[in-house]
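Undergrad: Encoded as structure tokens, here's the structure I'll be asking about.
Each reported figure results from applying straightforward, stated rules to the coordinates on display, with no laboratory input. Since this is a predicted model, take the numbers as computed values, not measurements. All Cβ positions, even for glycine, are placed from backbone atoms using ideal geometry, and neighbour counts span all protein chains on display.
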Amino acid sequence: MTGVLLGFGVVAVIALLGFATSALLPGESGRIRQGLTPVIYYLTNPALMLVLVADTDLGTVLGVYTPVALATAAVAGASYVLLSGLLLRRGSARTAVGAMASSYVNAGNIGLPIALYAVGSSAPVVSVLLAQLLVVAPVYLLVFSWVTRPSRRAGPGAAPVTSRPAPGRTGTSTGRTILRSVANPVTIGTALGALLSATGLELPEVLWIPLEMLGQASVPLLLLLFGMSLHGQRPFRNRALVPDVIGGTLIKLALMPVVAWGIGRFGFGLDGTELLGVVVMAALPTAQNVFLFSSQFRMPSNAGRDIIFLSSLLSFPAVLLVGLLLH
């Protein structure tokens, strides 16, 4: 238990330092974030994933962790659809964005440091990344494409009409968006690490040591950036969407971890650190990609944006509670 609390403490301190940086240096924080983001995205995060996955047992990840992540995301997304469609009577576009926000976790950023410091294993992160990048994201993007077809752009909650796409362009745009969601630096680093793990190849030390050094810089930089991103947020601009945001956040931070625990414990017989890793991943906040994807398709993204913020704000208490209950 002491190790888990220490891990969460390390994560919280660095994130708070990032928050304080934005609060105390408002004139510089924007430039700091602009400088850190591409360094993390293109260099340190891919290097970290390559190093971690190369030392990961892919058989265990693909055989247990990834199916648990897929099943958990499916239950969470379906739960939001029931809430939004049946109880709140929202349109298909708003429901689709909320469903993704309730089930798509920030594994690539905040998940990495939490897994490494609190769980001590990268396997849960790798499993969630594989599930989201290869299955969950493409499925939601196809749904986004379907609900934003010109014939469906009507009714409350539907995507606003901006300009009618040229014939034949919708499918192409969707395909390119899906390709970008899969073919990104983190995915490439993960794929290279998987290749090394599967083949047993070892890179020369002159290459491996610099990759390790870059990867080690990723976690503190990610946490600093995460803390900085929380400062200055103004959620709940649309009061009518408060039920959507609260419901989506509860599904994300309360229902999803419980579902992950049930599937992992009774469906796959996990316990101890393995079960802790699965549930902690489910208790992570919503990924920023949800807002980016919904904006790409010109969908109503206010609720999704607020779920991202609120889940990010409450994720540390949620993950800490998981650690206290399961460790």
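Undergrad: If I model a spin label at residue 238 and residue 188 as a point 7 Å from the Cα along the Cα→Cβ vector, what separation in nanometres do I get?
TA: Here the modelled spin labels are 3.6 nm apart.
Undergrad: Relative contact order for the chain: what percent, with Cα pairs under 8 Å and sequence separation of 6 or more? Could the numbers behind the result be given before it?
TA: Details: 480 pairs, mean separation 109.8, N = 327.
Once divided by the residue count of the chain, the mean separation gives 34 percent.
Undergrad: Between 200, 122, 143, whose Cα lies farthest towards the positive end of the dipole of the range 2-326 when Lys and Arg beta carbons carry +1 and Asp and Glu beta carbons carry -1, centred on the Cα centre?
TA: It is 143, whose Cα lies furthest towards the positive end.
Undergrad: So for 274, 28, fewest C-beta neighbours within 10 Å to most, what's the order? Could you put the intermediate results ahead of the total?
TA: Details: 274 19, 28 11.
Ordered by Cβ neighbours within 10 Å, fewest first: 28, 274.
Undergrad: Stretch residue 209-residue 37 to full length: gain in nm at 0.36 nm per residue minus the Cα-Cα span? Don't skip to the end; give the middle numbers.
TA: On the way: separation 172, 0.36 × 172 = 61.92 nm, distance 2.29 nm.
Result: 59.6 nm gained on full extension.
Undergrad: Ok, one more. Suppose R0 equals 22 Å. What FRET efficiency, 1/(1 + (r/R0)^6) with r the Cβ-Cβ distance, do residue 60 and residue 273 give to the nearest 0.05? Don't jump to the answer; show the numbers that get you there.
TA: Values: r = 12 Å, r/R0 = 0.57.
With R0 = 22 Å, the Cβ-Cβ based efficiency is 0.95.
Undergrad: When a/c is below 1.5 the answer is rounded, else prolate if a/b is larger than b/c, else oblate, so apply that to the chain with a ≥ b ≥ c taken from the square roots of the Cα gyration tensor eigenvalues. Could you put the intermediate results ahead of the total?
TA: Details: a/c = 1.39, a/b = 1.37, b/c = 1.02.
Verdict is rounded for the chain.
Undergrad: In addition: Between helix 66-81 and the chain, what is the angle of the helix's C-alpha long axis to the longest principal axis, kept within 0 to 90° and rounded to the nearest 10?
TA: Helix 66-81 sits at roughly 30 degrees to that axis.
Undergrad: Report the residues of the range 257-293 in range of a label on residue 313: point 7 Å along Cα→C-beta, backbone N strictly under 20 Å from it.
TA: Residues 283-292 qualify, since their backbone N sits under 20 Å from the label point.
Undergrad: Moving to a separate point now. State, to one decimal in nm, how far the label point of residue 82 lies from the label point of residue 28, with both points 7 Å from Cα in the Cβ direction.
TA: 5.1
Undergrad: Can you tell me how the range 1-107 classifies by the Cα gyration tensor, rounded, prolate or oblate, using a/c under 1.5 as the rounded cut?
TA: Numbers: a/c = 1.93, a/b = 1.24, b/c = 1.55.
Since a/c reaches 1.5 but b/c is at least a/b, the shape of the range 1-107 is classed as oblate.
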